[in-house]
Amino acid sequence: MTTRILSALERSRDHYGAGSAEAKLALLRRLERAELRSARAVSRLHEVLCFLRAYPDDARLLAQVERMLARFAGRADLKRQREALTDTGIAGTAIRYRFFWSTLRWLARRWPDRIEIDRSETEVADKLSMALPLLVTWAEAAALKELDPPAFAAIDRLRARGEGDAAFFARRIAAMPGDAFTREAFHDAIEPTYELKPGADTPSRTRAKHAAAPMAYQREPLRRARPDLREELGRIYRAVRLASAREGEQLIELARSAMVTRSRDLDAFAYGNARDVRLVDDGGGLGFVLIGVMPERRALVPATCGYLILHNGVPIGYGEAFVTGRSATMTFNIFATFRGGEAAYTFARTLAMVRHMFGAESFSLDQYQLGKCNDEAIASGAWWFYYKLGFRPLTADARRLMRKELARMRADPAHRSHASTLRALAESHLVFDFDRSRAASLPPVAELGLRIGDGLARAGSARELVLAQCINTTMKLTGVRSLRGFSAGERLAWERWSPLVVLALPGVSRWSLSDKRALARVIRAKGGRDESEFIARFAAHPKLERALFGRR
């Protein structure tokens, strides 16, 4: 009986209109105290509740859903199936994952008694045995080398009473000499798996919501029709505001939790800057949390922005935008729970948000997004999803293959691209330009690193001396007398950009004084509070973009 009720609820979840709320409400009330017999059934109920929380018909339905989700971890059927529900992200269940360094540090600080190292992996235990002597005092290291105890026995002997093994490990790495990048590389080379045990406030998809987000009830059918991308790109969002530092921290934590509960990681969230978090209200319950990255983690030229997609405050997807001048390389992901919703419309509004926030006119999709080394994208036919919205392949080989596939589809409407064909298509970026007259292209950012590398290779053993001279040379070239008054982030940007100016920026010495001074302002903006000013100053310096990328 409960299985039939659950199936009826699943069928009705995305139906809206007269009588829909009452029908869903009646089914929810019957399931509220029902005993579900399998882990799969418990998970199915949870997913429907999460969907209805994001797309509620009315206040009564939302209140019922909120009540059921608040009590979900205490359900008797969940407790019986707790082990089978590991890694689902449901409240009351554990998460096991190879968390990267930044995520481990965050989890160990917030929930030191809930995070543990998975002790079942022999290879990891061997790596830990080699790493431990580097994390303790000289005397402790000597004892470990002489006695050679098993790694976890050593950790249990060395950690404080009441201190978890993962928290001990994280704290010892944090105390290592070197910088954040050194510690990150040290930890991630070991590749431990961790288990985050459930607690009252540990990350879960069940509790994930930004309560202060704008609210809109779903009165009409979901927008499943394919949108006109240019029309949507022309339509601006409703409102945008800068979050306070405290709210920014909370929103970054919401974004990081959305990753942890789905066994994922994203650098833009892991290294999010709480002073650079914006909330965009797109209307109808749709919104975006834009998260800039800390200055030390910013790319050299592209500006990086991570975004969490919200619907009525519930995270429904995420991605990143890498903005270079008027171009933006995008990643876009809708969480599985919400893929039966408004994916195409949400994607169109995401591009519109990036266009109006950052001035991007040309958009490209990374090959991984399309299916390169990504079986999920191949299975979902992601390449054709974006093609039907107006994106086109950048390379001639991909365009030829696309034309062959289109011819097969015209000859046989039932034809579907084979997985091998989709992988071949995914070797090329897909590009969409708001200006139809402009030739599709991508800024060759990687070439800049090769140019700098070639210049430093010619310096041989004088590499460090050349790097130090680049800073002074760039200052003289741009008329900057001193870096006094620059923030730490601005100084770091100057240090990173100076080799680019000296070794990879042709003809800069012949620029006008105003162009050189504008270059100095671009560099300083790269290390500012956020990258918005950098995006604007870079876009306003066409000579710089032409010199970097050879554009006319």
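The values are calculated or read from the model by the stated rules, or taken from the named source; none is laboratory data. These numbers come from a predicted model, not from an experiment. Please note: Cβ atoms are built from the backbone with ideal geometry, for glycine as well, and neighbour counts cover all protein chains shown. When the accessible area is computed, the model is the full protein with side chains, heavy atoms only, and any ligands, DNA or RNA have been set aside. Shrake-Rupley method; radii C 1.70, N 1.55, O 1.52, S 1.80 Å.
For this structure, a couple of remarks:
- Residue tally, condition open to solvent by less than 50 Å² (accessible area, probe 1.4 Å) and closer than 22 Å to Lys24 by Cβ, over the stretch 67-85: 6
- Some residue of the stretch 347-364 being surrounded by 13 or more Cβ atoms within 10 Å (Cβ to Cβ), in a loop (DSSP other than H, G, I, E, B) and of a type in the set (A, V, I, L, M): yes
- Evaluated against (1) at pLDDT 95 or above; (2) surrounded by 17 or more Cβ atoms within 10 Å (Cβ to Cβ), Asp156 falls short on exactly one condition, (2).
- Yes/no for Arg172 being part of a helix (DSSP H, G or I), open to solvent by 30 Å² or more (accessible area, probe 1.4 Å) and in contact (Cβ under 8 Å) with a residue 60 or more places away in the chain: no
- Residue count, the stretch 96-122 (criterion: outside any loop (DSSP other than H, G, I, E, B) and over 29 Å from the mean Cα position of the chain (by Cα)): 1
- Filter pass, Gly162 being at pLDDT below 95, part of a loop (DSSP other than H, G, I, E, B) and open to solvent by 60 Å² or more (accessible area, probe 1.4 Å): yes
- Some residue of the stretch 195-204 being among the polar types (S, T, N, Q), in contact (Cβ under 8 Å) with a residue 12 or more places away in the chain and assigned to a loop (DSSP other than H, G, I, E, B): yes
- Residues that are part of a loop (DSSP other than H, G, I, E, B) and open to solvent by 40 Å² or more (accessible area, probe 1.4 Å) were ranked within the stretch 375-396; the one that is farthest from Leu442 (Cα to Cα) is Thr395.
- Residue that is least open to solvent (accessible area, probe 1.4 Å), among those in the stretch 56-66 that are farther than 15 Å from Lys209 by Cβ and part of a loop (DSSP other than H, G, I, E, B): Asp57
- Residue match in the stretch 32-55 (condition: open to solvent by 30 Å² or more (accessible area, probe 1.4 Å), of a type in the set (Val, Ile, Thr) and part of a helix (DSSP H, G or I)): no
- Annotation note: of Ala213, Ala239, Ala268, the sole residue that is in contact with an Asp or Glu (Cβ under 6 Å, 6 or more places away or on another chain) and either farther than 30 Å from Arg119 by Cα or modelled with pLDDT under 95 (or both) is Ala239.
- Pairs where the first residue, in the stretch 342-361, is of a type in the set (Asp, Glu) and the second is assigned to a helix (DSSP H, G or I) and open to solvent by 20 Å² or more (accessible area, probe 1.4 Å), C-beta under 9 Å, 6+ apart: Glu361/Arg355
- Residue list for the stretch 122-144, filter: open to solvent by less than 40 Å² (accessible area, probe 1.4 Å) and of a type outside the set (Gly, Ala, Ser): Val124, Leu128, Leu132, Pro133, Leu135, Val136, Leu144
For every residue, the table says whether it meets (1) touching a strand residue (DSSP E or B) at 6+ places or on another chain (Cβ under 7 Å); (2) closer than 26 Å to Gln218 by Cβ.
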| position | (1), (2) |
| --- | --- |
| Leu62 | no, yes |
| Leu69 | no, yes |
| Asp87 | yes, no |
| Arg109 | no, no |
| Ile115 | yes, no |
| Glu123 | no, no |
